[in-house]
Amino acid sequence: MSSPTLSTIQTRELSRNLITFLSLYKHISDSYIIEFFSEELWETLPTNWQKALCDLSPPQISDLLLDRSNVHRSYPSVWPLSLMAFRATAHTLAFPRMPRSKTTKVGSLKPEEFQENQCQSSLLGHIFRKHVKPKKQHEIRRLGTLVKQICDVTGCMRVVDVGSGQGHLSRFLSFGLGISVTGIEADATLVAMASKFDGQLLCTLEKEKKKNGSLQHYVPGPSPRHVTGWVNPKESWEVFIKQLGFGDCIAEDHIAAALKKSQWESMFVPEQKHLHGDQPVSAAYSDSDQTALSLEENDDMMLNTSYAIHNTMSKNAQESECQSMSSSSPKRFCKMEAGKELCADSYPYAHPMYEEVLPAAAVVCPGENEPGHPDFVLTGLHSCGDLSATLLRHFANCPHVRGITSVACCYMKITTKEKPTPPGLISPPLSSTLTNEVTHCEFGYPMSSWLQGLPGHQLSYKSREGACHAMEDYMQRLREESSLLKTHCYRAVLESVIRGTRPELRRAGIQTIKKSHQLPFHEYARLGLARVGLPADLPLDTVKVEAMLKQQGRVVVYFSLALLLAPVVETLVLLDRMIFLQEQGIESQLVPLFDPVFSPRNLVLVALKPKRDKGKTKDLPNPGHF
């Protein structure tokens, strides 16, 4: 598993191995840690496993069981071969989660870009940090960079950001990297916030222009266009395209472009000065840290992969598209002199690295040569449940989508044949045309015909929920012997108390009790009992409760065993999507793009379609590396 690039034979063989392995330990992945005492989960483990694991300290659990990078293990006792095989197989089958250039220092919970300021990335310009939490800053910078490289390779300078929320990624792509962006979001409140934040950014630029007399390091770019809409997983790609309203915006842009040109150009200096030799200063990335100009070693790796996955495309055949996407903000002037080579100065706040990769092309409004629906790249940052599967289907079926970067999350909300309406599934708006008919191919898992035909491919709701847990964060708690480790034991003891009084109350929803790890158990129990309708002063069997609390170490061990399977389950879900694309003749890669300590759902599925060339397509090469 040293490379996320797999052939059809490899993906099918891996899927078989994953299913076989998960089937052997289904009793662990499907178990609920809150039932540790009520279902006697410890007794379900082999006796020799119990003896080897029962006395481990939290740091030992992390080093001996969960840490796949630890090659110098020191065992306090002889481990059974079956336990060692379990650990080794889980680590081997799971896709690698650590970026090739690790961004977090040893002992730190945040990447190096946050060492100077815990809340502000030193690699992201200040205008893109406002209203954005550190985790999101890290994600939009790295994903935005990858999306830009996909745009360069495909020749599409138009992106659709699905589930765009408050528009943080859309703003960075648009104002920071010069890409025409349409963001579609189901929550109208978030859409309104996105437009508001766009306006604030433009106001900031205007203030800087007045203060400094000019914006020497900024060039005009398009404003993102925000659309309110719920992406129906059962509708066709034609309906999705209609939701985006491309036809209307193309006509509007074509008319308004020339009218808006003077308005934009009045804000900027016509000719930009290079302050570092031939390289312009980037405002998309902070100029406080010179390392920003290289975007770290891993960003070069992303650039290389963008070309490896699509290197059959001719540079001279690429066409850069440029179009405004905003109905309320100034539009980008779409027309450039034919044959003029593009450089970093052609893109707002462009990073110098792009100067080497931008194609020489004539840039025209898409409406001039692609009436109706221009090509674009799809992206989704932590698309919840079936949304990520829906985007992949649209990518595979829609001829206008040339590439995709998909970061999935909330696997437990994926629909399956066994559970077509899982808890937490977002209900469609009343205006939706959603039907009650469900076909097998519309489920979020499995997507591929291959996996549908494999016996034992089913994944329970609990196993998919477990796949969303953050292993790296839990490893840090173990190493620090954090008081947070007692939380699972508290809840398991409380579950036993509840069932002793009301046996029918199985896994009742209590929700999070704030700072529960700082409370004595009797206070925790008082708060929890009230939430399930039981008397807060319910008498407790003190002796029995204390006996269970002393088994906290075993609770932590069992949870760690289940956590070890989480990346394996995630791998099977994402591998199914890769196989689905292979069945459509499309190669793809899984990239560990974000620092998993900081952003647990860090695997990005990247895929490009072959370049259209006079009605013919060229085969995609086997991608090199990420």
About the Cα centre, and with charges only on the beta carbon of Lys, Arg (+1) and Asp, Glu (-1), how big is the dipole of the range 455-506? Nearest 20 debye, please. 240 debye
Given charges of +1 on the Cβ of Lys and Arg and -1 on the Cβ of Asp and Glu, with all other atoms neutral, how large is the dipole of the range 1-91 about its Cα centre, in debye to the nearest 20? 480 debye
So, with points 7 Å from each Cα along the Cβ direction, the residue 16-residue 203 label distance in nm works out to 6.3 nm
Past 28 Å, Cα to Cα: identify those pairs from 135/419; 196/419; 51/417; 419/486; 234/609; 462/609, in the order given. 135/419; 196/419; 51/417; 419/486; 462/609
Report the gain in length on full extension from residue 242 to residue 523: 0.36 nm times residue separation, minus Cα-Cα distance, nm rounded to one decimal. 95.7 nm
Net charge near residue 407, counting Lys/Arg +1 and Asp/Glu -1 over other residues with Cβ under 14 Å of its Cβ? +3
Averaged per residue, what accessible area in Å² does the range 491-578 show with a 1.4 Å probe, protein chains only? 45 Å²
Which parts of the range 577-609 would a label at residue 135 reach, counting a residue when its backbone N lies under 14 Å from a point 7 Å out along Cα-to-Cβ? 594-603
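The values are calculated or read from the model by the stated rules, or taken from the named source; none is laboratory data. What you are looking at is a predicted structure, and each value in this text was computed from that prediction instead of being measured. So basically every Cβ, Gly included, is an ideal-geometry build from the backbone, and we count neighbours across all protein chains shown. Heads up: the accessible areas ignore ligands, DNA and RNA and are worked out on the full protein's heavy atoms, side chains in. Shrake-Rupley method; radii C 1.70, N 1.55, O 1.52, S 1.80 Å.
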